[in-house]
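A.B. asks: Sharing a structure below in structure tokens format, with a few things to ask.
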Amino acid sequence: GAGVSQSPSNKVTEKGKDVELRCDPISGHTALYWYRQSLGQGLEFLIYFQGNSAPDKSGLPSDRFSAERTGGSVSTLTIQRTQQEDSAVYLCASSLVPGSGNTIYFGEGSWLTVV
Amino acid sequence: DAKTTQPTSMDCAEGRAANLPCNHSTISGNEYVYWYRQIHSQGPQYIIHGLKNNETNEMASLIITEDRKSSTLILPHATLRDTAVYYCIVRAGYNTDKLIFGTGTRLQVFP
């Protein structure tokens, strides 16, 4: 596709349930990033994938959060046992080879509401 | 990681140039300066980036001081649709390459 695609665009889930959020990066982009943004807050880095390297998980807020990237393309962010404080928009981004000034492009996000 | 400092908010009259400053005094030699903006809670939109030289594209101009410790994003003719939060970001290190967002500048363009 032309841009970073995320699904679902909106998700309402009950507290305690697991959710999966999907990201399709721009074709050919080797780097993939997840961020989240709570209402009225700034963007919080979660995790970063680059090629076959071990992902940078330093931003994941708890062990309820995990992400994987299969085949170097599509990524899934999983939140287990969701809590109300997990309500936020989850943004995915991708870029070409890092370290060379390449631009990072963002998707429109997946809005998660935990009730 | 280099940190950036931006004013919390700015106003600009429609049709006038909007000049958004950013301080990044601890930037290292191989770190780029990036500008993004976010309208409401849409995904951040890339505007422009630079290393040492001034840059211009169809959206904006980026002026980087000679010592690279500060920069200014210029929107030459601001419109109401340019109302957004503007983020100045220094790329977080040569290897990790992730963007670390600060609080940004909320630009309000008024008629």
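The values are calculated or read from the model by the stated rules, or taken from the named source; none is laboratory data. All values derive from a computational prediction rather than experimental measurement. Every residue, glycine among them, receives a Cβ derived from its backbone with ideal geometry; neighbour counts consider all protein chains shown.
A.B. asks: I'm checking my understanding of the structure. Among residues of region B:83-94 that are within 9 Å of another protein chain (Cβ to nearest Cβ) and touching a strand residue (DSSP E or B) at 6+ places or on another chain (Cβ under 9 Å), which one is modelled with the lowest pLDDT?
C.D. replies: Restricting to residues being within 9 Å of another protein chain (Cβ to nearest Cβ) and touching a strand residue (DSSP E or B) at 6+ places or on another chain (Cβ under 9 Å), the top hit is B:Ala92.
A.B. asks: I need every pair where a residue in region B:98-111 that is among the polar types (S, T, N, Q) has its Cβ under 6 Å from the Cβ of a residue that is buried (at least 20 other Cβ atoms within 10 Å of the Cβ), sequence separation at least 6 or different chains.
C.D. replies: What qualifies is B:Thr105/B:Gln6; B:Thr105/B:Leu20; B:Thr105/B:Tyr86.
A.B. asks: Next up: How many residues does region B:13-51 hold that are under 15 Å from B:Thr72 (Cα atoms) and in contact with a helix residue (DSSP H, G or I) (Cβ under 9 Å, 6 or more places away or on another chain)?
C.D. replies: Residues meeting the conditions: 2.
A.B. asks: B:Lys69: free of Cβ contacts under 8 Å to residues at least 60 places away in the same chain and surrounded by 17 or more Cβ atoms within 10 Å (Cβ to Cβ), yes or no?
C.D. replies: no
A.B. asks: Does A:Gly42 fit the bill of being modelled with pLDDT under 90 and over 22 Å from B:Gln42 (Cα atoms)?
C.D. replies: Here the answer is no, as A:Gly42 does not meet what is asked.
A.B. asks: Moving on. Considering only region A:27-109, give the strands (runs of 3 or more DSSP E) lying wholly within it that have at least 2 residues that are farther than 28 Å from B:Glu31 by Cβ and in contact (Cβ under 8 Å) with a residue 40 or more places away in the chain. First the steps, then the outcome.
C.D. replies: Working: elements: A:31-37, A:44-50, A:65-69, A:75-79, A:88-95.
Fully inside region A:27-109 and qualifying: A:75-79.
A.B. asks: Can I ask one more? Which members of region B:46-66 meet the condition of being touching a residue at least 12 places away in the same chain (Cβ under 8 Å) and either closer than 30 Å to B:Pro111 by Cα or not charged (D, E, K, R) (or both)?
C.D. replies: Initial filter on region B:46-66 (touching a residue at least 12 places away in the same chain (Cβ under 8 Å)): B:46-52, B:59-62, B:64.
B:Tyr46, B:Ile47, B:Ile48, B:His49, B:Gly50, B:Leu51, B:Met59, B:Ala60, B:Ser61, B:Leu62, B:Ile64, listed by residue number.
A.B. asks: Still on this structure, please answer the following. Regarding A:Pro25, is this residue more than 9 Å from chain B (Cβ to nearest Cβ) and crowded, with 22+ Cβ neighbours inside 10 Å?
C.D. replies: yes
A.B. asks: Which condition does B:Asn54 not pass, out of (1) more than 24 Å from A:Ser38 (Cα to Cα); (2) crowded, with 18+ Cβ neighbours inside 10 Å; (3) more than 11 Å from the chain's Cα centre (by Cα); (4) of a type outside the set (Phe, Trp, Tyr), if it passes all the others?
C.D. replies: (2)
A.B. asks: Among what's in region A:56-115 and is under 15 Å from A:Asn10 (Cα atoms) and of a type in the set (Asp, Glu), pick the residue that is modelled with the highest pLDDT.
C.D. replies: So, considering only residues that are under 15 Å from A:Asn10 (Cα atoms) and of a type in the set (Asp, Glu), the one modelled with the highest pLDDT is A:Asp86.
A.B. asks: Is one or more of the residues making up region A:97-111 buried (at least 21 other Cβ atoms within 10 Å of the Cβ), over 13 Å from A:Leu32 (Cα atoms) and of a type in the set (A, V, I, L, M, F, W, C)?
C.D. replies: no
A.B. asks: Any idea how many residues of region B:22-37 are surrounded by fewer than 21 Cβ atoms within 10 Å (Cβ to Cβ), assigned to a strand (DSSP E or B) and either touching a Leu at 6+ places or on another chain (Cβ under 8 Å) or within 10 Å of chain A (Cβ to nearest Cβ) (or both)?
C.D. replies: 0
A.B. asks: Return the residue satisfying two criteria in turn: it lies in region A:28-60 and is among the small types (Gly, Ala, Ser) and more than 25 Å from B:Gly102 (Cα to Cα), and of such residues it is nearest to the other protein chains (Cβ to nearest Cβ).
C.D. replies: A:Ser53
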